[in-house]
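Worksheet for the structure shown next.
The values are calculated or read from the model by the stated rules, or taken from the named source; none is laboratory data. Fair warning: this is a prediction, and the values are worked out from it, not measured in the lab. Side chains included, ligands, DNA and RNA excluded: accessible areas come from the protein's heavy atoms. Shrake-Rupley method; radii C 1.70, N 1.55, O 1.52, S 1.80 Å.
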Amino acid sequence: MANLRLRVVYSVGDQVLSSVSNAVILFAMAGPSSVAEFGLAVLVFSIITASIGFVRGAAGTPLLLMSANSHRSIRVESQFASGAAAILGIGVGVIALVVSIGLSEPSVGIAYAVAAPIVLCQDALRFSSMSHGDPKHAFFSDALWAALSLVVLGVSWISPDALSIPEMIWLWSGAGFVALVYLVVALQTRPRLRGVIEWSRMYWRHRVRFGFEAGIDQLAAIVVVSVSTVYIGTEAAASLRGAVTVLGPFAVLISSLPLIVIPESIRAGHSPKQIWRTLALTAWITSMMALTIGFLAPFAPDVLGRMLLGDSWEVAIHVLPFLGLEYAAVCWISGAYNYYRAQAASERLMKYRIIQSITSIVICTVAAAVSRTAVGVAVGLALSAALIASVLVVQVMREQRIRSRKTESTQVVSSVGQLVGSSR
């Protein structure tokens with residue numbers, strides 16, 4: 001029990017630190033930049049976060065599902081997974097560069113292009129640590145990254161003109177490289193490039209489904225922010241992304257669930273009913289936290305808000321309550337997805353995620369076109385999330401009832417058989 005608690009602490013702590021390093025660089029960029037500059041920077045940053053989501057699904061989820069396997073098989077899987085993540089990162093970096101050039105910010109794109117393979121490779125190796133049942137290495141790796149990123153934030157607060165946005169990204173990616181080297185040494189697992197194509201062909205359908213399911217959410221977010229930017233302007237991207245950044249610490253709790261629930265449930269052999277009971281309890285707690293943060297954050301001292309987001313704070317506070325509602329619904333959506341993820345139901349996961357993304361994009365596009373305000377888009381996000389959460393929870397509960405009936409009928413048949421056998 002003590003070891004389990006320690007693993008939970010390290011897993012949650014790691015996810016906190018991983019998100020901190022991403023949030024800190026956004027806070028650092030927001031301080032000295034204008035609303036328009038920050039909006040452009042976070043739009044490109046969204047491409048990186050979408051690719052992180054894909055890697056966590058395609059490489060991370062299979063690793064978590066291998067938690068009961070031998071350490072050797074997990075290490076081999078980790079070598080290929082991190083190698084594939086690095087290759088993908090090169091492609092993502094090229095995309096980020098092209099988009100940045102299109103936005104007349106090539107220096108930002110170059111910095112992101114170098115950061116992408118480092119970020120994705122390090123993230124893949126984090127899951128190797130979880131699968132081994134030894135998340136402390138992932139924790140210390142992200143602690144290094146977060147600490148070095150906090151130095152960048154500190155410099156931006158002390159001397160706002162000391163670093164440009166590209167220089168901040170370079171320092172952030174350099175911190176990520178230090179974190180990556182630590183993991184490679186601690187896990188004795190180096191990314192493997194040779195044989196990656198053959199590796200990717202094994203269970204490729206599941207990998208693509210898990211990756212697409214995990215990444216499409218961020219892709220939908222990019223579309224929503226882009227559409228909002230077209231209809232409203234770059235301040236829409238700044239307000240929405242700024243509000244999401246404020247909710248970042250809470251979002252960490254949601255994203256840490258798979259790192260805890262999946263490997264521990266597999267090792268313990270829990271039934272789907274036991275898994276859902278744990279996830280539902282967590283969803284109640286985290287959804288209440290989301291509502292609290294969303295509705296109370298706008299009342300925070302203006303000085304503190306501007307310290308975190310600079311001029312973008314003024315536009316972010318208007319959408320925070322609605323994004324708090326969205327995140328409360330996302331807690332239940334995440335619970336349902338983790339329920340299916342723990343059962344390796346990749347096809348069902350991808351189907352539900354596509355429906356969720358399309359719903360969000362359609363509702364938010366209509367909201368942006370009609371309202372022409374970031375608040376309207378935030379209302380659309382909350383509405384679409386609440387709708388999908390309701391459908392998913394009803395579906396899971398329905399499956400639970402069907403599973404219970406089947407179990408009861410099996411027990412009845414077994415009892416009758418035993419009775420007939422004994423009478424003979």
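According to the calculation over all Cα-Cα pairs in region 317-364, the P(r) per 10 Å bin from zero is 23, 46, 25, 6 %.
The 3J(HN,Hα) values that the Karplus relation (6.51, -1.76, 1.60; θ = phi - 60°) gives for region 66-73 are, in residue order, 8, 4, 8, 7, 5, 4, 5, 5 Hz. Gly and Pro appear as x.
For region 148-195, the share of accessible area belonging to carbon and sulfur comes to 67 percent (1.4 Å probe, ligands and nucleic acids excluded).
What region 62-129 shows is 35 Å² of accessible area per residue, with the surface traced by a 1.4 Å probe over protein heavy atoms. Derived scalar couplings between HN and Hα for region 173-187 equal 5, x, 5, x, 5, 4, 5, 5, 4, 4, 5, 4, 6, 5, 8 Hz in order, rounded to whole Hz, by the Karplus curve 6.51 cos²θ - 1.76 cosθ + 1.60 (θ = phi - 60°), x for Gly and Pro. Each distinct pair of alpha carbons in region 25-139 adds a 1/r term; the inverse of their mean, the Kirkwood radius, is 15.0 Å.
When you work out D = kT/(6 pi eta Rh) for region 110-221 at 10 °C and 1.306 mPa s, using the Kirkwood radius from C-alpha pairs as Rh and the Stokes-Einstein form, the result is 99 µm²/s.
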